[in-house]
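The values are calculated or read from the model by the stated rules, or taken from the named source; none is laboratory data. Here the structure is a predicted model, which is why all the values come from computation and not from measurement. Using ideal geometry, Cβ is built from the backbone for each residue, glycine included, and neighbour counts are taken over all protein chains shown. We work out accessible area using only protein heavy atoms, side chains counted, and drop any ligands, DNA or RNA first. Shrake-Rupley method; radii C 1.70, N 1.55, O 1.52, S 1.80 Å.
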Amino acid sequence: MPGTPICSSAMNRLTSVDRLIHLALLILAFVCSSPAPAKSLQEALDAVRDRALTNLSLQVPGLSAAAGRDGKIVWSAGFGFADLEAKKPVTSNTLFRIGSVSKPLTAAGLMLLVEQSSLDLDADIHKYLPGFPEKGHVITARQLAGHLAGIRHYRGAEFLLNKPFSSVRESLKIFENDPLLFEPGEKYSYSSYGYNLLSAVMESAAKEEFLPYMEKAVFRPLKMAATLPDHARSELPERTKFYATKPGGGFEIAPAVDNSYKWAGGGFLSTPEDLVRFGLALMKPGFLKRESLATLFKSQSTSDGKPIGYGIGWNVRVDHGHRIMMHTGGSIGGTSVLMLFPDSGTVLAMTANCTSSPFDKTNLDAVIAEFSASFARP
């Protein structure tokens with residue numbers, strides 16, 4: 001049932017996905033700690049709901065959460081408001097900006113092309129994009145998907161872009177003439193623009209534009225009817241309004257942005273229920289082959305053999321014998337978290353409609369402890 005939002009000045013404004021990557025590392029560090037005592041599924045869900053009511057939902061105008069296990073959604077709830085002025089409550093149908101949680105979705109579409117032998121992860125991307133400027137080194141789709149290609153991330157006010165882009169190819173103009181940050185494979189450097197380039201490679205391999213391809217290949221088969229591109233000028237009644245925290249406390253409408261420059265890396269809308277459906281589809285072979293799942297969830301390594309803790313579209317780790325895959329997302333007016341516990345077939349997703357995230361270390365420590373106690377025990 002919806003909670004009531006209360007103004008908060010305790011949260012810091014998130015203006016970069018880099019902060020969310022740091023948050024992901026904090027979450028994973030927590031999971032390394034001693035496991036919580038085992039609880040029943042219902043006890044864990046009750047504890048997460050109570051925390052959402054008493055803490056998480058007080059830090060943002062609106063919040064939504066869902067969990068799944070063994071192929072089914074077992075819990076879903078909305079808290080607070082999708083529209084503060086109209087007092088419109090968040091429901092399971094409310095659409096949120098999911099930011100970089102778009103990357104795991106894109107990665108699934110990528111692996112379907114690999115399965116069809118339409119795309120080679122280790123081929124030079126110029127095989128698919130001969131017009132992309134040469135950088136003096138081979139760049140592969142695998143490197144782009146694992147942030148190893150040396151493509152830069154946002155600069156300056158690019159995170160606040162409010163310009164419509166008519167195509168993926170047009171969006172490459174933002175960075176395509178910039179030099180690589182390093183030789184591909186040399187180091188890990190998070191890059192949403194790397195996913196722009198990856199989606200252009202996918203378009204060429206699929207012989208279809210990226211957005212229709214994702215709808216046909218990923219969203220429709222998985223019954224993700226609430227997952228769609230965030231077209232800024234479209235009328236979407238279920239789309240939440242987007243907020244930012246005021247310096248002195250409270251909330252205000254976030255700056256207007258147009259995310260058409262980064263569909264693959266941060267431009268989708270979705271709901272926690274849809275994200276849970278997606279996560280559940282990756283729990284076992286079916287939607288993707290066993291080999292594809294192994295590729296997604298295996299940490300890539302730098303050219304000198306050091307694991308980076310990131311596979312293809314997923315942060316990956318093994319803690320106390322349990323595999324954990326996750327991604328966080330941050331955009332103007334939206335933050336999100338998607339976590340997979342594949343050894344027990346469970347998924348957790350949360351979204352919020354504020355640039356400042358309620359998913360700080362303290363809150364996520366508590367939430368993950370509850371889920372780990374119930375879902376991730378042997």
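Contact order, relative form, for segment 118-266: 29 percent (alpha carbon pairs under 8 Å, 6 or more residues apart, mean separation divided by residue count). Surface calculation, 1.4 Å probe, protein heavy atoms: residue 128 sits at approximately 30 Å² accessible.
Packing around the peptides 330-342, 142-154, taken as the average count of other Cβ atoms within 10 Å per residue, puts them in this order, highest first: 330-342, 142-154.
In segment 168-246, Cα pairs under 8 Å separated by at least six residues give a relative contact order of 23 percent.
Segment residue 236..residue 127, full-extension length gain: 35.4 nm, with 0.36 nm per residue of separation and the alpha-carbon distance subtracted. Which percent of the accessible area of segment 76-155 is formed by carbon and sulfur heavy atoms (probe 1.4 angstrom)? On segment 76-155, the fraction of accessible area on carbon and sulfur atoms equals 49 percent. With protein chains left intact and a 1.4 Å probe, residues in segment 217-342 average 38 Å² of accessible area per residue.
Among 239, 323, the sequence by solvent-accessible area, most first, with a 1.4 Å probe is 323, 239. Averaged per residue, segment 94-203 has 35 square angstrom of accessible surface, using a 1.4 angstrom probe with ligands and nucleic acids left out. Dividing the mean sequence gap of close Cα pairs (under 8 Å, 6+ apart) by how many residues segment 200-291 holds gives a relative contact order of 29 percent. With each label modelled as a point 7 angstrom along the Cα→C-beta vector, the residue 117-residue 173 pair spans 3.8 nm.
Using a probe radius of 1.4 angstrom, the carbon and sulfur fraction of the accessible surface of segment 205-321 is 53%.
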